[in-house]
Amino acid sequence: MTYSDGTRVVHAGLPEAEVGDPFLPGPVFAAPYHLDPVAGQVGDNGYGRPDNPTRRRLESAIGELEGGPALTFASGQAAITALLLSVLRTGDTVALPSDGYYTVRSFAESTLRDLGVQSILVPTAGPYPDFSGVRLVLLETPANPGLDVCDIREVSARAHAAGALVAVDNTTATPLGQNPLALGADLVVASGTKALTGHSDVLLGYVSTNDPELLAKIETWRKHTGAVPGAFDAWLAHRSIATLDLRLARQSQNAAAVAALLSGRDDVTGVRWPGLSSDPSYPVASAQMRRIPGVVSFDLGDAQRVARFLAAAELVFAATSFGGVHTTADRRAQWGDDTGPGFVRLSCGIEDTVDLLADLRAALDQA
Ligand SMILES: *Cc1c(COP(=O)(O)O)cnc(C)c1O
């Protein structure tokens, strides 16, 4: 029986029902576990860095949703850097999105460059270069914060023809928005800090791949470098995933209403939401994605106007990050993103749509 998304997230990674046991067992807090005095480690649990049952349950949930075994990390950056450092070697070239998560570019321009790994930057919307000589192509679609998208199937085919591996940062879409492995990517990498867990209280990252060699390599990397999530965070994340379908549905509904509101105002420019039929991302997004995320971007012209807007809005928290149950907005230029001074990334929460629209309208009028 294949179930729909709402059912899949509720059941993902749960153990078999046992009378007297909870549905989702609580976090197992352990550094070492009891060993058998004679046989040593019997079963899965020996030491908490490589082995934790709470983490394994979360990994089986994420793996079910992505369509490939998953390894979780202490943050999205821990997962992305684990992928880059376990795959790339001196003399290699990696293709990165020029408009994606800026910390990845900054890592490429420092640590990777110092290790003799070259990077080329490609805008998510293309055009894509010839990938000959490239070892790994990292895509981020929709790209954060500009929300351009790319055709994963098409770029993967081109990259594979040139002998390159393809990884997709699935943070913004989440595995309910799109499944890059099914679209031809070799690896998925993501921050679970955003919409996947969605309560703005956990840092998490993961890598998922159906290639057993890559999986083993990245698992060894994680064991050696140690950036694992703690048991409590893994449990919080697993608990949160049960509502992913509901949260995304409301976030997406709010984003559609907000994008329509903003597009209709002459004091707001550059409105981007891949679900708007007039958006440049719409043709690929509507064909490739099962749902469109709750993130909308737009421009208010200058930093002062953004500040007035944020001060006036009662339901919009000024905060970096996105994908949570609370509506948040971030003026990305303050963090060094290559965006204009008035560029805002608005992440719609799960508030009632009418309330959110009324608040945004009033705040824009005041700003
Ligand atoms: C936030 C983010 C990351 C980094 O994740 P952390 O959990 O903050 O380390 C990576 N990629 C994208 C697209 C992100 O939005």
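Okay, residues lined up against (1) without any contact (Cβ under 8 Å) to a residue 60 or more places away in the chain; (2) closer than 30 Å to residue 73 by Cα:
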residue	(1), (2)
267	no, no
290	no, yes
293	no, yes
299	yes, no
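Touching a residue at least 40 places away in the same chain (Cβ under 8 Å), open to solvent by less than 50 Å² (accessible area, probe 1.4 Å), within 17 Å of residue 191 (Cβ to Cβ) and away from the ligand (no atom under 16 Å from the Cβ): is that true of residue 61 in this structure?
Values: touching a residue at least 40 places away in the same chain (Cβ under 8 Å): yes; open to solvent by less than 50 Å² (accessible area, probe 1.4 Å): yes; within 17 Å of residue 191 (Cβ to Cβ): yes; away from the ligand (no atom under 16 Å from the Cβ): yes.
Against the criterion (touching a residue at least 40 places away in the same chain (Cβ under 8 Å), open to solvent by less than 50 Å² (accessible area, probe 1.4 Å), within 17 Å of residue 191 (Cβ to Cβ) and away from the ligand (no atom under 16 Å from the Cβ)), residue 61 qualifies.
Any residue that is within 14 Å of the ligand (Cβ to nearest atom) and open to solvent by less than 10 Å² (accessible area, probe 1.4 Å) - is there at least one of those in region 148-166? Write out each step before concluding.
First, pick out the residues of region 148-166 that are within 14 Å of the ligand (Cβ to nearest atom): 148-150.
Filter once more, so that each one left must be open to solvent by less than 10 Å² (accessible area, probe 1.4 Å): 150.
Checking region 148-166: at least one residue is within 14 Å of the ligand (Cβ to nearest atom) and open to solvent by less than 10 Å² (accessible area, probe 1.4 Å).
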| Enumeration of residues in region 209-232 that are open to solvent by 50 Å² or more (accessible area, probe 1.4 Å) and within 30 Å of residue 346 (Cα to Cα) | 232
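How about region 307-323: which of its residues are touching a helix residue (DSSP H, G or I) at 6+ places or on another chain (Cβ under 9 Å) and touching a residue at least 60 places away in the same chain (Cβ under 8 Å)? Before you say what the answer is, go through the steps one by one.
Here is the first cut: in region 307-323, the ones touching a helix residue (DSSP H, G or I) at 6+ places or on another chain (Cβ under 9 Å) are 308-318, 320, 323.
Residue satisfying the conditions is 323 alone.
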| Filter result for residue 130 (within 16 Å of the ligand (Cβ to nearest atom) and of a type in the set (Asp, Glu)) | no
| Which strands (runs of 3 or more DSSP E) sit wholly inside region 69-160 and have at least 2 residues that are more than 28 Å from residue 259 (Cα to Cα) and more than 16 Å from the chain's Cα centre (by Cα)? | 93-97, 118-122, 136-140
| Given 72, 103, 111, 90, which one is surrounded by fewer than 14 Cβ atoms within 10 Å (Cβ to Cβ) and within 16 Å of the ligand (Cβ to nearest atom)? | 111
| In region 167-196, the residues that are in a loop (DSSP other than H, G, I, E, B), within 11 Å of the ligand (Cβ to nearest atom) and either closer than 23 Å to residue 135 by Cα or free of Cβ contacts under 8 Å to residues at least 60 places away in the same chain (or both) | 170, 171
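Can you tell me which residues in region 76-87 are within 8 Å of the ligand (Cβ to nearest atom) and either in contact with a Leu (Cβ under 6 Å, 6 or more places away or on another chain) or open to solvent by 40 Å² or more (accessible area, probe 1.4 Å) (or both)?
To start, the set of residues in region 76-87 that are within 8 Å of the ligand (Cβ to nearest atom) comprises 76-80.
Scanning region 76-87 gives a single hit, 77.
So that you can scan it fast, the table gives a plain yes or no per residue for (1) in contact with a Ser or Thr (Cβ under 9 Å, 6 or more places away or on another chain); (2) more than 16 Å from the ligand (Cβ to nearest atom); (3) open to solvent by 10 Å² or more (accessible area, probe 1.4 Å):
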site: 285; (1), (2), (3): yes, no, no
site: 303; (1), (2), (3): no, yes, yes
site: 322; (1), (2), (3): yes, no, yes
site: 325; (1), (2), (3): yes, yes, yes
site: 346; (1), (2), (3): yes, no, no
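The values are calculated or read from the model by the stated rules, or taken from the named source; none is laboratory data. The structure displayed is predicted, hence computed values, not measured ones. So basically every Cβ, Gly included, is an ideal-geometry build from the backbone, and we count neighbours across all protein chains shown. Accessible surface areas use protein heavy atoms only, side chains included; no ligands, DNA or RNA. Shrake-Rupley method; radii C 1.70, N 1.55, O 1.52, S 1.80 Å.
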